[in-house]
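See below for the structure under consideration.
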Amino acid sequence: MVLQDLRQTWELDSVFPGGSESKELIAEIKWAEEEVKVLAKKSEEFNFTNESFLKLISEMQSFSERLSTTGAFVGCLIAQDVKDKKAMGLRGRLESVYAAFSNVGSALDKQLMEISEDTWKDVVSMPEFKDIAFTLNERRTQAKEKLGISEESLINDLAVDGYHAWSTLYDLVVGKINIKVEIDGKEEELSVGQAENKFSNPDRKVRKDTFEKFVEAWDNEGEFCAASLNHIAGFRNEIYKHRGWKETLKEPLAINRMKEETLTAMWDAISSQKDIFVKYLDRKAELLGLEKLSWYDVDAPLSSANSKMSYDESAQFIVEHFRSLAPKMADFSEKAFLKGWVEAEDRAGKRPGGFCTGFPTKKETRIFMTFSGTPSNVSTLAHELGHAFHSDVLKELPYYATNYAMNVAETASTFAEMIVADAAVTNAKTKEEKIALLEDKAQRSVAFFMNIHARFLFETRMYEERKDGQLSVERLCELMEEAQKEAFNGALAEYHPYFWASKLHFYITDVPFYNFPYTFGYLFSAGIYAKAKEEGPSFEEKYIALLQDTGKMEVEELAQKHLGIDITKQDFWLKGIELAAADVEEFLVLTQK
Ligand SMILES: [Zn+2]
C-alpha cells in the first residue's frame, strides 16, 4: 500500500466531539468528580470479603480507565493549542480529581496491609485477579515496607512544603537565569534551555563562549542550588532511615522492578567497553581540529548533511522498514496513519516535543509532534509509533496490568527507532549523510554510557556522603568532576563540574534517581533488537508477548521468560553495547583520513 495525502492533524472527535467545548467531555468530568467521592466513601467503609474486594478493584480500574481517557484527551487539547484556556480550566478540575483518587488508593493500601497472609494468598489467587496479581502483591509489599498509614500520610503532607517545594523553588530560580552571550557581534540573552541548545552550534567560539557564561551563571546560583540539593537528599535519606531502609537504591530499584545485581551487571558491562567510545570521541576531536574534546564539543555537529523527507515519504519509509522485522507493528502503524492518529502539522501555537498518549476506554492511541522533515523528526515519529504499538498490544488487559516502569517504558519506542535508524544509514545517499547518521547514533551511546553513567556515579556518592552532613558547593563540584572523568574514561579536556546544578533531573522529587532507567531502557531494547535481527520477523510473536507482560512482572523475570536470558549477568548487556560499538566502528572507517 502506498501512503499518500495523509492527514497531518489528528482526529479527536470520535473520543469527545467538539474539543474543549464538548458537552460530552464536560459531562464526563462532572461524572468523575462525583464518582471519586463515591469511591472514597466505599473504600473508607470497606468490609473485606473476597467478593467485595473484587468489586472494589474492578470499580477502581474502570474509573482509572475513564479518568485516564479524559485526562489524555484534555492533554491533547492543550498540546495542539497551548492557548486553549477552556482546556486548561478542565485540566485544573481533573487535577483535583487525581488528588482525591490518590487518597482512595491510600485507603486501599491500608486494606491490603491489614489482611492476614492467608486471606491475602486466597484472594490474589482468584482467577479474576490472574493478570493483576503482580500489581496487587507489589502494592501490598510496598505498603508494608513503609511506616504506618498515619506516619506515611504525615510525611506526604509535610513533603509538599518541606521536600517538593525545594524542587519548585529550583525551577523558579532556573527560570530566572539569563545568560548574556555575544554571538556574531550581537549580545543575546539566553534562557538555560536556549544556552544548552548552543552546545550543538557548529561554531566552536559560540559553544565555548556560551559554556563559559553558562558556568558563570551556575556559579552565581551555586549556594542556592547546593542548599536545594542538600535538602532534597537529606529529606529522602531521613525517610529511608525511619523506614529502616539501608540502601539508597532500594526505592529507585523497586520503582523500576529490578534487582541490584542487574544494575551492577549493566554498569560493569558498560565500563568494560568504554574504549571504543573513547576512540569515537578522539576521532571527533581530530575531525574538529582539536587535541581533545571539551564538554561543550561533545554535541557539536560534524557536518550539516541533512536530507529532508516529506511526511508521506516518512510514513512510507517507516512502515516499509518496520515490515522487515515487525510486520504487526507495520500494520498497526499503517492503520494509525490512515485513521489520523498522528498530529504532525508544522504550525505555530503547538506545544514543543513529541509524545504518545492513549484513550483506554476507546482502545486507541494518539501521537503528537511537529513534523518538519528532518531525520530527527523521522526518528521521533518512529519512536512514538513504538510507544503506540506497545499500548496497542496491552489494550485487552485489565488496567492494573498495563502500568509498566520507566526502565521498560522505552523498550518499544527505542526498538522502533533502531529499525528506522539502521534503515536510514543503509539508505543514505552520500557518504557525508551516512557519517552524520552514524555520528547521531554514536552521540546517543555517549549520552547513555558516559553522560548518564556520570550522573549515576555522582548521585549515588552524593547520597552516601549526605548521610554525614551537608555537602558544600566545592565538594559537589569535586564529586561531579570525578564522576565525569571516570564515566568518560578521561576522554575530555574539560568537564562540567557544575552539572549537578544545571541538570534538572537531580531535582525531580517525584521520581528518585532519574538516570539509570534511561540507560537500562536503551540497552534492554538494543538486546531485544539484536535478537530480532538474528531471528527475523518470526521473532515478533515473542516480542509482543514480552511487551504484554511489561506491567505484570519484574524485569529479570520478563527477560528470562521471553528471551531466556539472565540479565543479572553481563552477557546480555554486552550484546546491546556491541551493536552500538559496531556503529562507531563504521564511523571510524568512514572518517579515516
Ligand atoms: Zn519515549
Check your understanding: Which condition breaks for Val278 when tested against (1) touching a Phe, Trp or Tyr at 6+ places or on another chain (Cβ under 9 Å); (2) over 24 Å from Leu523 (Cα atoms)?
Key -> (2)
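Residues checked against (1) in contact with a Ser or Thr (Cβ under 6 Å, 6 or more places away or on another chain); (2) outside the structural domain of Glu114 (by the TED database); (3) open to solvent by less than 20 Å² (accessible area, probe 1.4 Å); (4) in contact (Cβ under 8 Å) with a residue 40 or more places away in the chain:
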position	(1), (2), (3), (4)
Gln4	no, yes, no, yes
Leu12	no, yes, yes, yes
Lys23	no, no, no, no
Glu34	no, no, no, no
Ala40	no, no, no, yes
Asn47	no, no, no, no
Asn50	no, no, no, yes
Lys55	no, no, no, no
Check your understanding: Within region 177-189, can you find the residues that are at pLDDT below 90 and not in a strand (DSSP E or B)?
Key -> Asp184, Gly185
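Considering region 361-385 alone, what residues qualify as being under 16 Å from Lys441 (Cα atoms) and away from the ligand (no atom under 14 Å from the Cβ)?
Thr374, Pro375, Asn377, Val378
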**Study point:** Flag for Glu410 being over 30 Å from Lys198 (Cβ atoms) and out of contact with any strand residue (DSSP E or B) (no Cβ under 6 Å at 6 or more places or on another chain)
**Key:** no
Review point. Within region 294-330, can you find the residues that are in contact with an Asp or Glu (Cβ under 8 Å, 6 or more places away or on another chain), open to solvent by 50 Å² or more (accessible area, probe 1.4 Å) and more than 29 Å from Phe199 (Cβ to Cβ)?
Key: Lys328
Review point. Which condition number in (1) exposed (fewer than 13 other Cβ atoms within 10 Å of the Cβ); (2) in a helix (DSSP H, G or I) is the one that Pro202 fails?
Key: (2)
Practice item. Would you point out which residue out of Val74, Val82 is at pLDDT 95 or above, closer than 18 Å to Glu21 by Cα and not assigned by the TED database to the domain that holds Arg257? Key: Val74
**Study point:** Only one of Phe134, Phe211 that is closer than 30 Å to Asp549 by Cβ, at pLDDT 95 or above and either crowded, with 18+ Cβ neighbours inside 10 Å or of a type in the set (A, V, I, L, M) (or both)
**Key:** Phe134
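Quick one: would you say Gly358 is of a type in the set (Gly, Ala, Ser), within 16 Å of the ligand (Cβ to nearest atom) and buried (at least 21 other Cβ atoms within 10 Å of the Cβ)?
On the way: of a type in the set (Gly, Ala, Ser): yes; within 16 Å of the ligand (Cβ to nearest atom): yes; buried (at least 21 other Cβ atoms within 10 Å of the Cβ): yes.
Considered against the rule, which asks whether it is of a type in the set (Gly, Ala, Ser), within 16 Å of the ligand (Cβ to nearest atom) and buried (at least 21 other Cβ atoms within 10 Å of the Cβ), Gly358 comes out as yes.
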**Study point:** Hey, Val425 of a type in the set (Val, Ile, Thr), at pLDDT 90 or above, within 16 Å of the ligand (Cβ to nearest atom) and assigned to a helix (DSSP H, G or I) or not
**Key:** no
Check your understanding: In region 397-417, is there at least one residue being over 18 Å from Cys356 (Cβ atoms), open to solvent by less than 10 Å² (accessible area, probe 1.4 Å) and touching a residue at least 24 places away in the same chain (Cβ under 8 Å)?
Key -> yes
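The values are calculated or read from the model by the stated rules, or taken from the named source; none is laboratory data. Predicted model, so just to flag it, every value in this text is computed and none were measured. For neighbour counting, all protein chains shown are included, and Cβ atoms are generated from backbone atoms with ideal geometry for every residue, glycine included. When the accessible area is computed, the model is the full protein with side chains, heavy atoms only, and any ligands, DNA or RNA have been set aside. Shrake-Rupley method; radii C 1.70, N 1.55, O 1.52, S 1.80 Å.
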